[in-house]
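Comments concern the structure below.
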Amino acid sequence: GLFVWRLRNTGARQIPCRLVRLYHVASYRLITFQYFNFLKRMYVTQCNKDLSQRAKPKSDSIVSAFHELQQLDQEKKVVHKISSVSPVHQSWSEMSSRNELREMKSAAETEDSVIAGGAESKEDRQWKEMKLRLDDLPGILARLSKIKLTALVVSTASAGFAMAPVPFELTCFLLASLGTGLASCAANSINQFFEVPFDSNMNRTKNRPLVRGQISPLLAVCFAASCGIPGIALLTLGVNPLTGALGAFNIFLYTCCYTPLKRMSIANTWVGAVVGAIPPVMGWTAATGSLDAGALLLGGILYSWQFPHFNALSWGLREDYSRGGYCMMSVTHPGLCRRVALRHCLALIGLSTVAPVLNITTWTFPVISLPINLYISYLGFRFYRDADRSSSRKLFFCSLWHLPMLLLVMFTCKKSVLEKEDKGELRGGSHEMAMEIRLP
């Protein structure tokens, strides 16, 4: 009883306090016009559900990405024809009938074009087997063997043969050129066989035969073997064993050392320069049968020439090389790339001066070759200073004509065999033997 009496007393005391609070709340929260509209909208949406707007979700059909692309192609290929204006004196019935016929014809034509376009797009996107035709095989094999690079290799080997201080022998020259060309074809084919996944990422090499699947890897390996084995055998048996050994070593150096180093270290450029310097040495050894100072000089000229040539080329292909995963100086060490190109441009001047000292050419060779060597050195300095696409392109295109011009000048200034015989410098022996050779 006492507990109930206590509750009643406390409730009676709290009633005035609650009234005061309600009064203060009502005074602070006056009903405005906006609040009245809000209550009205709430009443309409809760009580009168028929008046509320319901957003109906749009039924999206599940369409694959291929069908969406096909629909876009179809929409692009729809042809709209403009109907010709009919004469004024024709009746409305004739005009309407003609318009209907035109619309039916245009609809049929557009349907046919859409169907044909859809079929073509399907065929283009589907995987299909590429059939090899015999007419296309020579061109494919030429691109597989890098026929332009092979022609450069054979020409440098021919220059080494022509610069040798011995009488010219046509049979030996042809055998040496053929064997060197076959060895170069084999090395280039094996190089492309190993670099298919990397060449596919580069714009410069993505159209090579193995990347596009024009020939199978087995056919490429068989072609490399059919070129390499006869080429080395021809150099060894038809020319001399030293030239054959140099050819085999060059194939090994290019395929097993230079090719994997391209993705590991910038040292691949120096190894590749050695590969390019061996062909003129092979030409010299094919003519003389020995490795003399003249062979090393020719190899040194080719070795130094390749740095401005390749560094300028790789400077414009930095994005391609980085995308393909190749470790080149132009990508990882751009400053070193420019310095090395300039150094070897200047080295060409020094090597040209050494040629008459080694009694390979006359003293007119350094003088005549000085302008072209100074010009490529000037372009090398501009490439070192500016290092832009324009300077690299100028240096690269200069290197294309500089090498044949330098070798041609070197051949014209070559010391003749008779002059060396007069000095007793024949391989066979003394001055008396030289006089016997010149006598009838």
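The values are calculated or read from the model by the stated rules, or taken from the named source; none is laboratory data. All of these numbers come straight from a predicted model, not from anything done at the bench. Quick reminder, even Gly has a Cβ in these numbers, built from the backbone with ideal geometry, and neighbours come from all protein chains shown. Surface areas here come from the heavy atoms of the whole protein model, side chains and all, with no ligands, DNA or RNA. Shrake-Rupley method; radii C 1.70, N 1.55, O 1.52, S 1.80 Å.
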Step through the residues of region 342-349 one at a time and calculate ³J(HN,Hα) from phi using the Karplus curve (6.51 cos²θ - 1.76 cosθ + 1.60, θ = phi - 60°), rounding each to whole Hz and writing x for Gly and Pro.
-> 5, 4, 7, 5, 6, 5, 5, 5
In what order, largest first, do 320, 135 sit by accessible area if the probe radius is 1.4 Å?
-> 135, 320
For region 134-275, with +1 on Lys and Arg beta carbons and -1 on Asp and Glu, the positive-most of 215, 243, 200 along the dipole | 200
Roughly how much of residue 367 is accessible, in Å² to the nearest 10, using a 1.4 Å probe?
-> 100
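If DNA, RNA and ligands are ignored and the probe is 1.4 Å, what is the ranking of 412, 243, 332 by accessible area, most exposed first?
So the residues, ranked largest to smallest area, are 412, 332, 243.
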In nm, to one decimal, how far is the modelled label at residue 408 from the one at residue 346, with both set 7 Å along Cα→Cβ?
-> 2.9
Got a number for the accessible area of residue 305? Probe 1.4 Å, square angstrom, nearest 10.
-> 10
Put +1 on the Cβ of every Lys and Arg and -1 on every Asp and Glu Cβ in region 297-425; which of 325, 360, 376 then has its Cα farthest towards the positive end of the dipole?
-> 325
From the phi of every residue in region 146-151, what ³J(HN,Hα) in whole Hz does the Karplus formula 6.51 cos²θ - 1.76 cosθ + 1.60 yield, where θ is phi - 60° and glycine or proline is x?
-> 6, 4, 5, 5, 5, 5
Rounded FRET efficiency, nearest 0.05, which uses the C-beta distance separating residue 364 from residue 237 and R0 of 30 Å | 0.15
Residue 333 accessible area, nearest 10 Å², 1.4 Å probe?
-> 90
First check a/c for region 278-374, with a ≥ b ≥ c the square roots of the eigenvalues of its C-alpha gyration tensor; if it is under 1.5, answer rounded, and if not, answer prolate when a/b is larger than b/c or oblate otherwise.
-> oblate
Could you rank 346, 403 by how accessible they are, 1.4 Å probe, largest area first?
-> 346, 403
